[in-house]
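So the structure is just underneath, and the comments pick up after that.
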Amino acid sequence: MALTIVQIKLSAEAICGVTLEPYLQVRKGTSTTVSGEDVPEEGVSDSRYVLRYRWYRSVHRGGQICWIHPDREATVQCILCLRSRAEIRKSFHCTPECLQQHWPQHRQLHEQRRLKGSGHILAGPENGYVTELSRSSQTVTAGGETWIEVGKGRSYTPSPEDVGSSIKCEIVPVDSSSHFNETGAASSASTGRVRPVPLCPQRALVPVPPPRGGNPAGKFTALTYNLLADLYASVDAHGHCCQQWALSWQYRKQNLLKELLTYKADILCLQEVQSNHFDNFLAPELQKAGYTAIYKRKTTELYTGSSYAIDGCATFFKRDKFALVKKYEVEFNKAALSLSDSIPADQKKAALNRLLKDNVALIAVLEALDPPQLEGANRRQLICIANTHIHANPELNDVKLWQVHTLLKGLEKIAASADIPMLVAGDFNSVPGSAAHSLLVNRIVENNHPELQNDPLGILRPASKLQHNLHLASAYAAVHEARDGGPALQKQKRRMDPKYHEPKFTNMGQGFQGTLDYVLYTTNSLVPTATLELPDESDIKDTRNSKAGLPNETWSSDHIALLAEFQYKQT
C-alpha cells in the first residue's frame with residue numbers, strides 16, 4: 001500500500017536548541033489519510049512502507065546578516081572579533097544598538113575564542129560555511145540555493161552552526177522491499193533563518209548595608225523561583241505575550257537552567273517543577289553543578305491532553321556547603337482530612353471539596369559544612385529551609401490563609417525542638433497586605449481584616465488563633481529599611497511597593513501583575529546583606545513584542561526569581 005504525502009508543514013520560527021518536527025499528513029493507498037506519526041520512519045522499523053527524513057541547512061550567499069536577528073542585513077561588524085579571530089559570521093550586527101544590547105552575549109565569543117587558543121576558524125565568503133560545505137557528505141541545489149545535509153530522522157534540533165541559515169525538511173515515501181525504493185515525489189518545507197538562543201535575564205546582586213551584629217564568615221544565598229510547569233504553559237494561558245516556540249519545554253528548560261546557574265545560589269527553592277522534568281533534566285543537570293536535590297510532588301496528576309503529569313516543590317543545595325540532616329514533607333490534603341473530623345457530618349463533603357487542593361510544602365533541615373564560628377555557639381550550625389506553593393484561586397483566600405497557618409504551626413514545632421535559623425520561601429499566591437502575607441510578616445491577622453469575612457467553613461475563627469511566634473520578615477523589606485547605599489540600592493527601592501516594602505511584581509500574567517513570591521527569614525538569627533536586582537516593566541518586554549508580559553523569549557516563566565544573601569547573626 002503505497003504512501004503519498006498530502007501535506008507538510010514546518011514552523012517558520014527556528015531557534016537554536018529548539019527541536020523541529022514537521023506536521024505531516026500521509027495517504028495510504030487511495031483512501032486512508034493518517035498523521036505522519038502513524039507512519040514508521042526509515043531505519044527504525046521493519047515495515048515495508050516507511051518515510052525517509054532528511055534535514056538540510058541553507059548556505060547563505062550575498063551580503064552579511066545580523067547574528068542576533070537573522071532576518072536583517074548586517075550594518076555593523078565587531079573589530080574585536082576580527083582581532084580575536086572569532087567566528088566571522090558572529091561578528092555582524094544589524095545596528096549599533098543591537099551590538100550594544102547584546103554585548104554581554106557577544107563578549108562571551110571573545111572569551112571562548114581566547115580559551116580555545118588558535119584553532120581552526122570557520123570563515124570566508126559563505127558566511128562561515130565554506131569549510132563545512134567542502135566536508136559535507138551531501139549537498140543539493142534547489143531554486144538556485146545550496147543546501148547541506150545536516151540530519152536524518154523525524155526531528156532535528158538546530159545547533160549554533162545553523163544560526164543565520166534556513167532549515168529544510170525533505171520527506172520521501174519509501175518501499176523498503178524495492179531496489180529503487182523511492183515510491184513517490186519528495187515533499188519539503190523550510191523555516192526562516194535560525195535565531196540564536198537569546199540571553200537569559202541578567203540581574204546583579206544589590207548589596208544591603210547590614211546592621212551591626214552580622215558575621216561575614218557565614219554568608220550564603222537562597223533563591224525562590226516558580227518555574228512554570230510545562231503542563232500549565234499553554235498558548236491559551238500565555239499566548240498573549242509569548243510565542244509558541246518560546247513556550248516549549250525544549251526551549252524553556254535550557255533558558256531556565258542557564259538562569260539558575262547564573263545566580264550561583266547556595267540554596268534553590270523551586271516550585272512548579274514537573275516530576276518527569278525533575279528526574280530527567282533538572283536533578284541531573286544541577287547535580288553536575290554541585291547541588292543535592294530533594295523533591296515533593298503533589299498528590300494528584302493532571303491530564304494534559306496526551307498524558308498525565310504532576311508538579312511539585314524541589315529544593316537544591318550546594319553539597320560542598322550544606323548536608324541534609326532531616327526532611328519533612330507537608331501535604332495540606334492530609335491536614336484537611338484531619339480538620340474535617342471536627343466539622344459536622346452534613347458539612348464535611350462541602351468542606352473537603354473546598355479544602356482538598358493538593359498543595360504541598362517541603363522542609364529541609366541542613367547543616368552548614370563550613371560553620372560561621374559564632375561567638376559562644378556550638379560549632380554545628382543548622383538551618384531550616386521551608387519551600388512551599390500555596391493554592392492559587394483568588395476566591396479561596398480562606399484556604400490560602402489556612403494553608404499558610406498550617407505550615408507556620410509545623411515550623412513552630414521544629415523551632416521548639418531546635419533553636420535554629422529559618423528561611424520560608426515560595427509562591428504563596430498572596431499579594432502584600434493579604435491576610436496570608438500579614439500572618440507571615442506581622443505574626444497575626446487583625447480581627448477586622450476584610451479577607452476574614454470569607455470563611456464559610458468557620459476554619460478561621462476565632463481570629464485570635466491566627467498567630468505564630470516565629471520572628472519572620474521579608475528579605476526584600478530590608479532594602480526599604482536600609483539608610484545608606486549607592487545608586488543601585490536607590491534604584492532597587494524605586495522598584496518596590498512603598499506601602500508594603502515588597503517588590504512591585506513577581507508575577508506578570510494575563511490580567512494580573514503583582515507580587516506572590518517571598519523569601520522570609522527569622523530576624524533573631526539571620527541578617528540580609530544583598531538582594532537580587534528587581535526588573536521593571538521595560539526589562540520584561542519581549543524583544544519582538546512591545547507588550548510586557550511573562551513568559552517571553554528571555555524570561556521563561558510567568559514568575560521572576562527572588563534571591564537574597566544572608567549572614568548569621570551574632571548572639
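Numbers at a glance
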{"read-out": "Residue in the stretch 466-493 that is nearest to S434 (Cα to Cα), counting only those that are open to solvent by 80 Å² or more (accessible area, probe 1.4 Å) and without any contact (Cβ under 8 Å) to a residue 40 or more places away in the chain", "value": "Q467"}
{"read-out": "Qualifying residue in the stretch 209-216 (condition: under 18 Å from the mean Cα position of the chain (by Cα) and either open to solvent by less than 20 Å² (accessible area, probe 1.4 Å) or of a type outside the set (D, E) (or both))", "value": "no"}
{"read-out": "Checking A14 against (1) free of Cβ contacts under 8 Å to residues at least 12 places away in the same chain; (2) of a type in the set (G, A, S); (3) under 15 Å from S165 (Cβ atoms), the condition it does not meet", "value": "(1)"}
{"read-out": "Candidates R57, R27 - the one that is outside any loop (DSSP other than H, G, I, E, B) and touching a Phe, Trp or Tyr at 6+ places or on another chain (Cβ under 7 Å)", "value": "R57"}
{"read-out": "Any hit, the stretch 555-568, residues being open to solvent by 10 Å² or more (accessible area, probe 1.4 Å), of a type in the set (D, E) and at pLDDT 95 or above", "value": "yes"}
{"read-out": "V273 vs. criteria over 11 Å from the mean Cα position of the chain (by Cα), part of a strand (DSSP E or B), β-branched (V, I, T) and crowded, with 21+ Cβ neighbours inside 10 Å", "value": "no"}
{"read-out": "Any chance A293 is outside any loop (DSSP other than H, G, I, E, B), buried (at least 18 other Cβ atoms within 10 Å of the Cβ) and touching a residue at least 24 places away in the same chain (Cβ under 8 Å)", "value": "no"}
{"read-out": "Filtered residues of the stretch 1-24 (kept if surrounded by fewer than 17 Cβ atoms within 10 Å (Cβ to Cβ) and assigned to a strand (DSSP E or B))", "value": "T4, V6, Q7, K9, Y23"}
{"read-out": "Filtered residues of the stretch 427-441 (kept if closer than 12 Å to L407 by Cα and small (G, A, S))", "value": "A436"}
{"read-out": "Residue tally, condition in a strand (DSSP E or B) and surrounded by 15 or more Cβ atoms within 10 Å (Cβ to Cβ), over the stretch 303-323", "value": "10"}
{"read-out": "Options D517, D536; residue that is buried (at least 21 other Cβ atoms within 10 Å of the Cβ), touching a residue at least 24 places away in the same chain (Cβ under 8 Å) and among the charged types (D, E, K, R)", "value": "D517"}
{"read-out": "Meets criteria (in contact with an Asp or Glu (Cβ under 8 Å, 6 or more places away or on another chain) and small (G, A, S)) for S31", "value": "no"}
{"read-out": "The stretch 137-156, subset surrounded by fewer than 13 Cβ atoms within 10 Å (Cβ to Cβ) and not polar (S, T, N, Q), residue nearest to A189 (Cα to Cα)", "value": "G143"}
{"read-out": "Subset of the stretch 30-75 [at pLDDT below 90, among the hydrophobic types (A, V, I, L, M, F, W, C) and surrounded by fewer than 20 Cβ atoms within 10 Å (Cβ to Cβ)]", "value": "V44"}
{"read-out": "Check on Q250, at pLDDT below 95 and either under 29 Å from S11 (Cα atoms) or part of a helix (DSSP H, G or I) (or both)", "value": "yes"}
{"read-out": "Filter result (of a type outside the set (D, E) and either free of Cβ contacts under 8 Å to residues at least 24 places away in the same chain or open to solvent by less than 30 Å² (accessible area, probe 1.4 Å) (or both)) within the stretch 260-270", "value": "L260, Y263, A265, I267, L268, C269, L270"}
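The rows are residues; the columns are (1) farther than 30 Å from L324 by Cβ; (2) of a type in the set (S, T, Y); (3) in contact with a Lys or Arg (Cβ under 6 Å, 6 or more places away or on another chain).
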{"site": "A185", "(1), (2), (3)": "yes, no, no"}
{"site": "S190", "(1), (2), (3)": "yes, yes, yes"}
{"site": "D236", "(1), (2), (3)": "yes, no, no"}
{"site": "H240", "(1), (2), (3)": "yes, no, no"}
{"site": "L257", "(1), (2), (3)": "no, no, no"}
{"site": "A265", "(1), (2), (3)": "no, no, no"}
{"site": "L268", "(1), (2), (3)": "no, no, no"}
{"site": "N276", "(1), (2), (3)": "no, no, no"}
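The values are calculated or read from the model by the stated rules, or taken from the named source; none is laboratory data. Note that the structure is predicted; figures quoted are calculated from it, not measured. Using ideal geometry, Cβ is built from the backbone for each residue, glycine included, and neighbour counts are taken over all protein chains shown. Calculation scope for accessible area: heavy atoms of the full protein, side chains included, ligands and nucleic acids excluded. Shrake-Rupley method; radii C 1.70, N 1.55, O 1.52, S 1.80 Å.
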